[in-house]
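Asks: Dropping the structure in here first, questions after.
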Amino acid sequence: MKLKSVDRKKFRVRKKGKKVSSSDRLRLSISRSSNNISAQIIDDIKNITLISCSSIEKDIRSLNKVNKTELSKIVAEKLAKKAQEKKITKIYFDRGVYKYHGRVKAFAETLRKNGMEF
């Protein structure tokens with residue numbers, strides 16, 4: 001079965017991240033749409049999602065008149081707080097098919113400011 005170019009790019013980015021990072025790091029996968037952003041921290045060895053956060057959640061959605069970049073920063077701060085509660089600091093960033101630009105870059109920089117290492 002032939003993969004689409006989007007799928008090939010996604011697998012290529014994930015493979016490079018796994019190769020560079022050590023086995024003690026968890027994967028932070030990000031996905032975004034035209035209006036929302038979501039992220040989850042995944043343990044690939046056990047194949048489970050440990051923490052997830054999204055802009056669709058009620059407490060984040062209740063914020064009025066927030067642009068998309070600020071929304072991604074808010075989601076990143078909330079994800080970082082959840083990760084600190086579970087004592088997760090070392091991750092590797094799986095940006096998927098998205099360029100490291102705009103909302104994805106703002107998300108990553110906010111995570112770094114809040115104590116995540118990648």
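Asks: Filter the range 1-36 down to the residues that are farther than 15 Å from F93 by Cα and modelled with pLDDT of 90 or more, then identify the one that is surrounded by the fewest Cβ atoms within 10 Å (Cβ to Cβ).
Replies: Among those that are farther than 15 Å from F93 by Cα and modelled with pLDDT of 90 or more, it is S34.
Asks: Only one of (1) within 11 Å of the chain's Cα centre (by Cα); (2) crowded, with 16+ Cβ neighbours inside 10 Å is not met by F118, so which one is it?
Replies: Unmet for F118, out of (1) within 11 Å of the chain's Cα centre (by Cα); (2) crowded, with 16+ Cβ neighbours inside 10 Å: (1).
Asks: Can you tell me how many residues in the range 37-72 are in contact (Cβ under 8 Å) with a residue 12 or more places away in the chain, closer than 17 Å to K90 by Cβ and not small (G, A, S)?
Replies: Residues meeting the conditions: 8.
Asks: For the range 34-93, which residues satisfy the criterion of being more than 15 Å from V104 (Cα to Cα) and in contact with a Phe, Trp or Tyr (Cβ under 8 Å, 6 or more places away or on another chain)?
Replies: K90, I91
Asks: Tell me which residues, restricted to the range 95-118, are among the hydrophobic types (A, V, I, L, M, F, W, C) and assigned to a loop (DSSP other than H, G, I, E, B).
Replies: Scanning the range 95-118 gives V97, M116, F118.
Asks: What pairs can you find where one residue is in the range 102-113 and in contact (Cβ under 8 Å) with a residue 40 or more places away in the chain, the other is surrounded by 13 or more Cβ atoms within 10 Å (Cβ to Cβ) and hydroxyl-bearing (S, T, Y), and their Cβ atoms are less than 7 Å apart, with a gap of 6+ or different chains?
Replies: R103/T69; R103/S72; V104/Y98; F107/S72
Asks: On to the next question. Cβ-Cβ below 9 Å, separation at least six or inter-chain, first residue in the range 78-92 and polar (S, T, N, Q), second part of a loop (DSSP other than H, G, I, E, B) and surrounded by 14 or more Cβ atoms within 10 Å (Cβ to Cβ): which pairs?
Replies: Q84/N114; Q84/M116; T89/M116
Asks: So, one more: Being out of contact with any helix residue (DSSP H, G or I) (no Cβ under 6 Å at 6 or more places or on another chain), of a type outside the set (V, I, T) and surrounded by fewer than 19 Cβ atoms within 10 Å (Cβ to Cβ) is the filter here, so list the residues in the range 79-107 that pass it.
Replies: K81, K82, Q84, E85, K86, K87, K90, K99, Y100, H101, G102, K105
To keep it simple, each residue is scored yes or no on (1) of a type in the set (G, A, S); (2) more than 28 Å from S5 (Cα to Cα); (3) at pLDDT 90 or above.
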site	(1), (2), (3)
S55	yes, no, yes
S62	yes, yes, no
L79	no, yes, yes
G96	yes, no, no
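The values are calculated or read from the model by the stated rules, or taken from the named source; none is laboratory data. Values in this document were obtained by computation on a predicted structure and should not be read as measured data. Backbone-built Cβ (ideal geometry, glycine too); neighbour counts: all protein chains shown.
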